[in-house]
Amino acid sequence: NELLVKRVQGYSERLLYETEFITKTGHILPVEVSSNLISTKGIPFGILVTARDITDRKKVEDALIESGKKYKDLFENVSDFIYFHDLEGNFIETNLASKIESGYTKEELAGKNIKDILVIKSDHLFDQYVNDILKVGKSEGLIKVATKDGKKRILEYRNSLVTDTIGP
């Protein structure tokens, strides 16, 4: 008889989940469990279960989480105004120092474009800046910004192009 894996009403054809096994020595082992309903001629007669040790994957996931926490802590608590913006100049993310430098909260900047806070309103200058970033991968200089309360400030900037490492 040929074994067929079919969907049987009331049963899930396949389950995939993570859990922990305890070894004979008492060691806790993280595993990924896959179970498949096995049937022949539409009648279920068993379940095929496989478990895979995911210890290494869990270590990598934990390291990534810890690295992310450290990055976020550094990003938020550094005294420099750090931000991400898209190629149109829309703020994507800013750190807590943005409030000190611009007077705007993170939430207020999230709805703004970098051109909104520049004293000299020039799409041409911004376009040149973006072109430089795209060609060379970085740009630096001085910009004059208007704070939320209307004061003018000169900020030194060093910007780098950030690309998606996953692909197009």
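The values are calculated or read from the model by the stated rules, or taken from the named source; none is laboratory data. Every value quoted in this text rests on a predicted model; they were computed, and no experiment measured them. Here the Cβ positions follow ideal geometry from the backbone for every residue, glycine too, while neighbour counts run over all protein chains shown. With ligands, DNA and RNA removed, areas are computed over all heavy atoms of the protein, side chains included. Shrake-Rupley method; radii C 1.70, N 1.55, O 1.52, S 1.80 Å.
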Go through the range 98-123 residue by residue and tally those that are among the acidic types (Asp, Glu) and in contact with a Gly (Cβ under 9 Å, 6 or more places away or on another chain).
1
Output for the range 11-50, where each listed residue is open to solvent by less than 60 Å² (accessible area, probe 1.4 Å) and of a type outside the set (Ser, Thr, Tyr)
GLY26, LEU29, PRO30, VAL31, GLU32, VAL33, ASN36, LEU37, ILE38, GLY42, PRO44, GLY46
For the range 119-144, which positions are in contact with a strand residue (DSSP E or B) (Cβ under 9 Å, 6 or more places away or on another chain), charged (D, E, K, R) and over 15 Å from LEU161 (Cα atoms)?
LYS144
Would it be correct to say that ASP123 is at pLDDT below 90 and over 15 Å from the mean Cα position of the chain (by Cα)?
yes
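Is it the case, given these coordinates, that LYS72 is open to solvent by 90 Å² or more (accessible area, probe 1.4 Å) and either at pLDDT 90 or above or in a helix (DSSP H, G or I) (or both)? Can you show your working first?
On the way: open to solvent by 90 Å² or more (accessible area, probe 1.4 Å): yes; either at pLDDT 90 or above or in a helix (DSSP H, G or I) (or both): yes.
Judged against the criteria, LYS72 is a match.
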Say we look at the range 153-168 and pick out the residues that are of a type in the set (A, V, I, L, M, F, W, C) and part of a strand (DSSP E or B); which of these is most open to solvent (accessible area, probe 1.4 Å)?
ILE154
